[in-house]
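**Student:** Have a look at this one.
The values are calculated or read from the model by the stated rules, or taken from the named source; none is laboratory data. If you're wondering where the values come from, they're calculated on a predicted model, not measured in any experiment. Counting neighbours? That spans all protein chains shown, and the Cβs are built from the backbone with ideal geometry, glycine included.
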Amino acid sequence: MLDSNYFHYTDKRLICEEVRLEELASTFGTPLYVTSAKSLIDSYRAFEHAFEALPHFTCYSVKANFNLNVIRTFAELGCGCDVNSAGELYRALQAGVAPEKIIFAGVGKKHEEIAYSLECGVLMLKAESLSELRAIDRVAGEMGKIASVALRINPNVTAETHPYITTGDSKEKFGIDEAELPEVFALFAQFANLRLIGLDMHIGSQIFDPEYYVAATVKLLALFKLSKTLGFAIKFLDIGGGFPVTYDPLKPATPIESFAGKLIPMLLPAGVTVIFEPGRYLVANASVLLTKVLYRKRNHVGKEFFVVDAGMTELIRPALYQSHHEVQAVTRHGETVVADIVGPICESSDFFARHREIDAVAEGELLAVMSCGAYAAVMSSNYNGRLRPAEVMVNGCEVKLVRKRETFEQLVQNELF
Ligand SMILES: Cc1ncc(COP(=O)(O)O)c(C=O)c1O
């Protein structure tokens, strides 16, 4: 069971900050994403506190949760944004983030996206190939601009995490191979419209062992040293995101201080601003997905299923990454059963938990799927004709609807006969 300052039981009832989840379900319906604003704020402050000895700039990785209110909460605390597409850039700007606090990533930026980001005046674009550098140079030239760029390096460090979220290994599509960097530095003189201001990496997500960061940072620092001898004036070293959170209380995440303890002494002597791009760390445990038990059923071999009204369309992580999520009763019962918690989608991979001990809640009662703040709502879909859920944000005893539930009209609004 996950119990925090933000989601906890009082009188056997699950509360978000000061609001009962039952109340939220009856006002807004289910499925419903519920986010604790205090959790967002405290996670950001904890991150900043851990790295306070290092001159740094934190750019929240919008891909983890792009709700405008989530982005704005961080922006109001001084945080920047890491965006991965023109759409995310648009969202960040709509949320009120200043363009000079936005960095633009992505392995396949379209020319229109490059032009849009240059037009907006983002802090820098992170280039992932020589071809992309050529494209940025050309677009900037056409616009009469000088583009500030960072080179995303693939340090060839295989971080131990799910294979679908490791990104710093040369088997993967991301970044420019570290071995190719000297050649890229040598060719840089031909790009009249580029200014190289950063070196960047991102080795994966949900990485528990700081040593992977250490290994990759050693390589980044060696390339930084080389860049200096070649006369480049690098201002930013971007370490990326990937810092872990606890999904399963039996596998607690390594504290952020352990990462800071290793990285600060390595990076401080470089004398540059270090950029971090945490996504999951800031948002994962700030939200739950509230869902109603529609049916309980037992098959002939005695296996029990709780069929709930949320599914892989609202949280695809168990299907995509075999991820663990705690599932908790909104009203606790003394008695428990072992069951699979499954959704209504026509896929066998549509489950939140298998063979899980769970409170024996009745049909019509509520469950909370925990840790749904990162890579949940952003990956939601209309598959099976589903309507994306509403989202609410709780701050103390205040509740704000931050995204309306989709309607049938919205489901078909872009289609033409
Ligand atoms: C370039 C980049 N930066 C940051 C992140 C955020 O990662 P996390 O949510 O694990 O912190 C990602 C995630 O895929 C990424 O691709």
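**Student:** Residues of region 180-236 being within 27 Å of Leu118 (Cβ to Cβ), within 16 Å of the ligand (Cβ to nearest atom) and assigned to a loop (DSSP other than H, G, I, E, B), which ones?
**Tutor:** Within region 180-236, Met201, His202 meet the criteria.
**Student:** Same structure again: Considering only region 43-82, how many residues are assigned to a helix (DSSP H, G or I) and crowded, with 18+ Cβ neighbours inside 10 Å?
**Tutor:** Qualifying residue count, region 43-82: 13.
Conditions (1) of a type in the set (A, V, I, L, M); (2) modelled with pLDDT under 95; (3) under 22 Å from the mean Cα position of the chain (by Cα), marked per residue:
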site	(1), (2), (3)
Val272	yes, no, no
Phe276	no, no, yes
Val288	yes, no, yes
Val293	yes, no, no
Gly302	no, yes, no
Thr313	no, no, yes
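**Student:** Further, regarding this structure: Going by the structure shown, is Gly141 free of Cβ contacts under 8 Å to residues at least 24 places away in the same chain and surrounded by fewer than 22 Cβ atoms within 10 Å (Cβ to Cβ)?
**Tutor:** In short, no.
**Student:** Oh, and also: Looking only at region 24-42, which residues are touching a residue at least 24 places away in the same chain (Cβ under 8 Å), in a helix (DSSP H, G or I) and not acidic (Asp, Glu)?
**Tutor:** The answer is Leu24, Ala25, Thr27, Phe28, Ala37, Lys38, Ser39, Leu40, Ile41.
**Student:** Right, here's the next one. Condition check: surrounded by fewer than 17 Cβ atoms within 10 Å (Cβ to Cβ) and either without any contact (Cβ under 8 Å) to a residue 24 or more places away in the chain or over 16 Å from Ile197 (Cα atoms) (or both). Does Glu119 satisfy that?
**Tutor:** Criteria met by Glu119.
**Student:** Here's something else I'd like to know. Please tell me if Thr217 is over 17 Å from the mean Cα position of the chain (by Cα), without any contact (Cβ under 8 Å) to a residue 60 or more places away in the chain and either assigned by TED's automatic domain parsing to the domain that holds Val184 or buried (at least 20 other Cβ atoms within 10 Å of the Cβ) (or both).
**Tutor:** In short, yes.
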